[in-house]
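> Below are the structure tokens for one structure; questions will follow.
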Number of protein chains: 4
Amino acid sequence: MALVFTITEMNAYLAEVFPQVDGMFGIDQMDEDLLVMRLMVSDSHLRPGGTVSGPSMFALADVSAYVATLARIGRQALTVTTHCSIDFMRKPESGRDLLAQARLLKLGRTLSVTDVLMYSEGSATPVAHASLTYSIPPARIG
Amino acid sequence: MALVFTITEMNAYLAEVFPQVDGMFGIDQMDEDLLVMRLMVSDSHLRPGGTVSGPSMFALADVSAYVATLARIGRQALTVTTHCSIDFMRKPESGRDLLAQARLLKLGRTLSVTDVLMYSEGSATPVAHASLTYSIPPARIG
Amino acid sequence: MALVFTITEMNAYLAEVFPQVDGMFGIDQMDEDLLVMRLMVSDSHLRPGGTVSGPSMFALADVSAYVATLARIGRQALTVTTHCSIDFMRKPESGRDLLAQARLLKLGRTLSVTDVLMYSEGSATPVAHASLTYSIPPARIG
Amino acid sequence: MALVFTITEMNAYLAEVFPQVDGMFGIDQMDEDLLVMRLMVSDSHLRPGGTVSGPSMFALADVSAYVATLARIGRQALTVTTHCSIDFMRKPESGRDLLAQARLLKLGRTLSVTDVLMYSEGSATPVAHASLTYSIPPARIG
């Protein structure tokens, strides 16, 4: 399904709707098959030992599924996460950005399902795997 | 199974191992049947509209399962989350603390499973429901 | 929310819509707070060693969430499972029926969320824990 | 990680440890990158309308993750499912076998994580997506 946002437009939209996380995430790639989002790691995301915290990984998965969905349906401010299942498989590498590869598995009338694999930059072994469901508000009529 | 921490000891331990979230969480109740943890809501946890963000709810579920587990097995710094499944069911009430009721469903030799229901303070309707698995490192010998 | 089926009516409805599992499940209790469903264990549900198989436990969780939802919304043949997250925590006791305690956590306009704890009959320790989401078709107009 | 079973050996092992499902599943492909398992659809797996039931899809995901794990660690009869998260995204096509593409995402000392995508044979659109965790018993010494 064709995308209705460019990367520049999506970054501007995220800064508008989530001002509190502006500068935390960036989009490396966004096309019909794959979205790659980056968590720009800073001290606030780290656990002792320098690895990215679970809530920061969850936040990356969540915004990736949001972007993968909205890239196709456009500005739908009321689209909300209804479910996330996440497996934490390995410790991320210390001091590296985290990259999420997100693939939209389903885009239905009332929900989307997105698969997300997360990697430390420069590594080919996933550190976490998530599946997220977003609820899409019914289309307005008129 | 008997608890090996008091609330005061657990709060001190959390401040020691997670200094970056010190002041974010508090323990309202901790006994063998139930743990009640509080997310002290501040601006950094909010989405536009004043509701608590998904990553903040995830963080509350995660720390609740950690505390429910460590309250029984003691200081095990290497205990890590391996899975979280979370349903976001309703929008939290604006400007209220979030309370998590956590119940340990299983404490095995290598993993624990904790059920967590989250409520806006003063409301009886859950806003989110999570199940978390922690991996417990093998006991040291000697 | 009030129930629109009696146990007798619900059993008849299940036999009508799922004839292939007729005789496999029964309803022990069904009221606004709690549904208790029974898996009548027979050889076809067992693994070597006499314990109930994972797919049979999944089937019990699934039908419990279906009944908990339809008890409130009535005959909606197009209501379908969209998600199940299930933790298998202990081996069920050999040769015992399995009982599911199901609680509806959310009934929205387009989805329901149900929490299910499963026990071997006569035991107070849960063997499995599941959370299920059902998608409810939009109400027909006219 | 190299496989320690051939397809023929694995089929024989499955028939030995799960005699009750013999003839239900087959292995189409099994190598280091990908396992493809087939649910040979028969009347007992169907819901009214001719589509494969949820418990049958769960059973296919479960056996796929089991085979993906045991193909690498060998005969470990005590390896058990501890978690499954499954999204049902579309109705399977009537009367078609179901194919599962399983990829082992993690093989640790005490657990494995497997990602499973399921398709109706002949279709490129996934009908369901699952992530499963298996607990691996500690290695025997001596």
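> Can you work out the FRET efficiency for the pair residue C:42 and residue C:103, with r the C-beta to C-beta distance and R0 = 25 Å, to the nearest 0.05?
0.40
> Right, something else. Of D:113, D:53, D:70, which is farthest on the positive side of the dipole of region D:1-115, counting Cα position, with +1 on Lys and Arg Cβ, -1 on Asp and Glu Cβ, and the Cα centre as origin?
Of the listed residues, the answer is D:113.
> A follow-up question, please. Over both sides of the C-A contact, add up the buried accessible area with a 1.4 Å probe and give it to the nearest 100 Å². Write out the running numbers ahead of the final one.
Numbers: alone 7490 and 7480 Å², together 14510 Å².
Buried area between the two chains comes out at roughly 500 Å².
> Still on this structure, please answer the following. Convex hull over the alpha-carbon atoms of region A:75-142: what's its volume per residue in Å³?
102 Å³
> Residue C:26 label points, 7 Å along Cα→Cβ, one per copy: pairwise distances from this copy to the rest in nm, shortest first?
4.0, 5.1, 6.4
> Please list, by residue number, every one of the trypsin sites (Lys or Arg not before Pro) in region D:65-142 that is coil in DSSP and has at most 14 other beta-carbon atoms within 10 Å.
Filter output for region D:65-142: D:75, D:109, D:140.
> With charges set only on the Cβ (+1 for Lys and Arg, -1 for Asp and Glu), what does the dipole of region A:44-142 come to about its Cα centre, in debye to the nearest 20?
Working: 10 positive and 6 negative charges, 69 e Å.
That gives a dipole near 340 debye.
> Quick one: net charge of residue C:106's neighbours, Cβ under 14 Å, K/R +1, D/E -1?
+3
> Rank D:88, D:20, D:4 by how far each Cα sits towards the positive end of the charge dipole of region D:1-93 (+1 on Lys, Arg Cβ; -1 on Asp, Glu Cβ) and give me just the farthest.
D:88
> State in Å² the accessible area per residue of region C:7-135; use a 1.4 Å probe, count heavy atoms of protein chains only, and round to the nearest integer.
Values: 4810 Å² over 129 residues.
For region C:7-135, the per-residue accessible area is 37 Å².
> Another one. Measure off 7 Å from each Cα along the Cα-to-Cβ vector at residue B:22 and residue A:75, then give the distance between these two points in nanometres to one decimal.
Label at residue B:22, label at residue A:75, 4.4 nm between them.
> Setting aside same-chain residues fewer than 8 positions from residue D:106, which aspartates and glutamates have a Cα under 14 Å from its Cα?
A:87, D:32, D:33, D:115
> Still on this structure, I have one more. Considering the alpha-carbon set of region A:7-135 alone, what are its Rg and its Dmax in angstrom?
Cα only, region A:7-135: 13.8, 44 Å (Rg, Dmax).
> While we're on this one: With a 1.4 Å probe and every protein chain kept in, tell me what percent of the accessible surface of region A:72-142 is carbon plus sulfur.
Here it works out to 50 percent.
> Give the separation of the Cα centroids, region B:59-100 to region C:118-137, in Å.
Using only Cα atoms to place each centre, the spacing works out to 21 Å.
> Quantify, in whole percent, the carbon and sulfur part of the accessible surface of region B:2-63 (1.4 Å probe; protein heavy atoms only).
About 53 percent, which is the carbon plus sulfur part of the accessible surface.
> At a 1.4 Å probe, which residues in region A:77-106 are at least 10 Å² less accessible with all protein chains present than in their chain isolated?
SASA drop of 10 Å² or more in region A:77-106: A:81, A:82, A:83, A:84, A:85, A:86, A:87, A:88, A:89, A:90, A:105, A:106.
> Mean shadow of the protein assembly as shown, computed from the convex hull of its alpha carbons, in nm²?
Values: hull surface 107.6 nm².
Across all orientations, the protein assembly as shown yields a mean hull projection of 26.9 nm².
> Given Cβ point charges of +1 (Lys, Arg) and -1 (Asp, Glu) and nothing else, what value in debye, to the nearest 20, does the dipole of the protein assembly as shown about its Cα centre take?
Charge dipole, the protein assembly as shown, about its Cα centre: 0 debye, nearest 20.
> Something else: If we hang a label 7 Å off Cα along the beta carbon direction at residue A:124, how far is it from the matching labels on the other copies, in nm, shortest first?
2.5, 5.4, 5.8
The values are calculated or read from the model by the stated rules, or taken from the named source; none is laboratory data. From a predicted model like this one, the values you see are computed outputs, not experimental measurements. Quick reminder, even Gly has a Cβ in these numbers, built from the backbone with ideal geometry, and neighbours come from all protein chains shown. Surface areas here come from the heavy atoms of the whole protein model, side chains and all, with no ligands, DNA or RNA. Shrake-Rupley method; radii C 1.70, N 1.55, O 1.52, S 1.80 Å.
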